[in-house]
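The values are calculated or read from the model by the stated rules, or taken from the named source; none is laboratory data. What you see is a predicted model, and the numbers here were worked out from it, not measured in a lab. We place every Cβ from the backbone using ideal geometry, glycine too, and count neighbours over all the protein chains shown. Heavy atoms of the whole protein, side chains included, go into the accessibility calculation; ligands, DNA and RNA do not. Shrake-Rupley method; radii C 1.70, N 1.55, O 1.52, S 1.80 Å.
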Amino acid sequence: MKVDPSFAERVSKGTPFNAEACLNCGQCTALCPIGIHLLPRKLFRYVLLGAEEKVLEETDTIYSCLLCKMCEENCPAGVHITENVRALRVLLAREEMQLAPVEG
Amino acid sequence: MPTPIKHTLGMLSDNLRKRKSVLPLSRRRLLSWTKGLDLPRGGATVLYTGQMYQMVPAINAMTERLSKMEGSWMSSYFGLARSMNRLFNLAGLMARGDPREAREYSGYLRNIVALLRAAHVEFGYLYEDDLYAGALAHDEGLDDALKAHAQRVQTLLREHGVREVITIDPHTTDMLRTVYPKILEGFDLKVRTYLEVLEEARPEPVKRLSESVTIHDSCIYARREGVIEQPRDLLRRGGVTIHEVERSAKATQCCGGPIEMLFPGKSREVAAQRVDQLAKASQRVVTLCPLCLANLRRAAPAEIEIADVSAYLARAYCPATTRATGSTIETGARGELMTPVPT
């Protein structure tokens, strides 16, 4: 697995990314109404490790999050899960999809 | 398999920058609901729809089309569609909504006006400057397009001398009350939902409804904006009995709406799951968000009647001559024609 130590920093550029407090307890996964298989525990670990390729493989997963905050509301560590997911979307939109609006 | 994410988001982003909305509507579709209401233009306090209720018929049409394209050969033409959309409003053409639905959602808007007037609240309206607030762009991480758009909204509000806005849906409320102050300098407007304004004004009911419903709380109202008790108090004072669903208030479950454009199939599965939960509490469901209403109704069998909270409140607090009427708008019953919205 290729690791980029600056990846977490790049993710944080758009909007703050904070997952260090995650206890890996699984409450978020258990409560997810859409049954997302790896969000957010594993995904956030990939970010902290700098495993960019692993994160990019999960693009569909990142965009299928409802941002409903059910997980965040019940997170015992107070991780800002939905803002973290949004941070990944901001990065994907800017760097992977080049979604800067087209003028004209 | 989702609709092609890059091109779908690209179209939303282009539209927001170029046409001031992710799903641009004609002036007629945005403003026809105001006909005959004599809403004053501008003012220190304005009703701010953020175009959300007006947009729902178009969203429904778009979602229907996208669900047919999801995973099909047509998906490979999304890149071309984005290029065409830069030249003309393709998204708007693809999303011509059902006129009957447009009438229903116009009725909800008119009922909200009637409710505020019944509570003697004074307010104006911005008409063509009542812009979409950018909630979908925020959710999808299109922050560059969102910031430029939010600055446009801020400028318009300043030009009109607005100090307070009365919002009517969770998404616009969250954008103006929570997101804009974080991304814009000096955005300090007072933002309240019409439900909060009504709760404070405490209008007297003109009729006690003696009906039973369950409430589907919006995730955004319940978990981000603290709007939970206001609709319940207003309904109860209007004679409505509320049977709470197990997952309600802060524990509410999402309707699936946030992913309806990218994952229409999954979105419908989540909605169907939620409808099953709600139906165990009551066959009549009250929603607080136009997108929840649209998404749940798409997945609900005909016997489940789903309607916007304003419909119940208008019947309880407004004389019949001032509100929109008809079975669909009043209770969410389907298959019956609505009577014309009064002007």
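Using θ = phi - 60° in the Karplus curve 6.51 cos²θ - 1.76 cosθ + 1.60, the 3J(HN,Hα) couplings for region B:181-197 round to x, 7, 10, 10, 7, x, 8, 10, 6, 7, 10, 9, 7, 4, 5, 5, 5 Hz; x is entered for Gly and Pro. Summarising the amide proton neighbourhood of B:L209: residues at separation of 5 or more, or on other chains, whose placed amide H is nearer than 5 Å comprise B:G239, B:V240.
Solvent-accessible area per residue in the protein assembly as shown equals 40 Å², computed with a 1.4 angstrom probe and all protein chains kept.
Calculate what fraction, in whole %, of the accessible area of region B:216-343 sits on carbon and sulfur atoms when a 1.4 Å probe is rolled over the protein chains.
Within region B:216-343, the accessible surface is 53 percent carbon and sulfur.
Solvent-accessible area assigned to carbon and sulfur over region B:18-136 amounts to 56 percent, based on a 1.4 Å probe. Heavy-atom accessible area buried between chains B and A is around 2800 Å² (1.4 Å probe, both sides summed). A cut-off of 5 Å between modelled amide H atoms, ignoring neighbours fewer than 5 places along the same chain, links B:G141 with no other residue. Rg ratio for region B:205-331: its Cα radius of gyration over 2.2 N^0.38 Å, N being its residue count, equals 1.02. When only alpha carbons are used to place a centre, region B:292-335 and region B:83-121 end up 16 Å from one another.
Using a Förster radius of 41 Å, what is the FRET efficiency between B:E211 and B:R86 based on their Cβ-Cβ separation? Nearest 0.05, please.
Calculated value: 0.25.
Rounded to two decimals, what is Rg over Rh for region B:81-235 when you use alpha-carbon atoms and the Kirkwood radius? The Rg/Rh ratio comes out at 0.99. Out of every Cα pair in region A:24-96, what percent are spaced more than 17 Å from each other? The answer is 36 percent, as a whole percent. Which GluC sites (Glu not before Pro) does region B:157-261 hold that lie in a coil by DSSP with at most 10 other beta carbons within 10 Å? Sparse-neighbourhood loop GluC sites (Glu not before Pro): B:E185, B:E246.
Across region B:27-184, the relative contact order, built from alpha-carbon pairs under 8 Å that are at least six residues apart, equals 43 percent. Note on B:K20: lysines with a C-alpha under 29 Å away, same-chain residues under 8 apart excluded, are A:K13, A:K69, B:K6, B:K35, B:K68, B:K147, B:K182, B:K190, B:K266.
Per residue of peptide B:80-91, the mean number of Cβ atoms on other chains within 10 Å of the residue Cβ is 1.
For the protein assembly as shown, what D do you get in µm² per second when you plug the Kirkwood radius from alpha-carbon pairs into Stokes-Einstein at 20 °C and 1.002 mPa s? Diffusion coefficient, whole number: 96 µm²/s. Here the Kirkwood formula, the inverse mean of 1/r across different C-alpha pairs, assigns region B:198-244 a hydrodynamic radius of 11.5 Å. Evaluating 6.51 cos²θ - 1.76 cosθ + 1.60 at θ = phi - 60° for every residue in region A:43-55, the Karplus couplings come out as 4, 5, 4, 4, 5, 5, 7, x, 7, 4, 4, 4, 5 Hz, glycine and proline recorded as x. Under a 5 Å amide H cut-off, with hydrogens placed 1.01 Å from N, B:T167 pairs with B:Y48, B:R192, B:T193, B:Y194 among residues at least 5 apart or on other chains.
Just so you know, the Rg over Rh for chain B is 0.94, from Cα atoms, with Rh as the Kirkwood radius. Per-residue 3J(HN,Hα) values for region B:257-263, derived from phi via the Karplus relation 6.51 cos²θ - 1.76 cosθ + 1.60 with θ = phi - 60°, read x, x, 10, 5, 7, 8, 9 Hz in sequence order (x marks Gly and Pro).
Accessible-area loss of 30 Å² or more (1.4 Å probe, protein heavy atoms, chain alone versus all protein chains) is found in region B:203-223 for B:R223. Here r is the Cβ-Cβ distance between A:Q27 and A:E96 and R0 is 25 Å; the resulting FRET efficiency, rounded to 0.05, is 0.25. A viscosity of 1.306 mPa s and a temperature of 10 °C, combined with the Kirkwood radius over Cα pairs in Stokes-Einstein, give a translational diffusion coefficient for region B:166-233 of 117 µm²/s.
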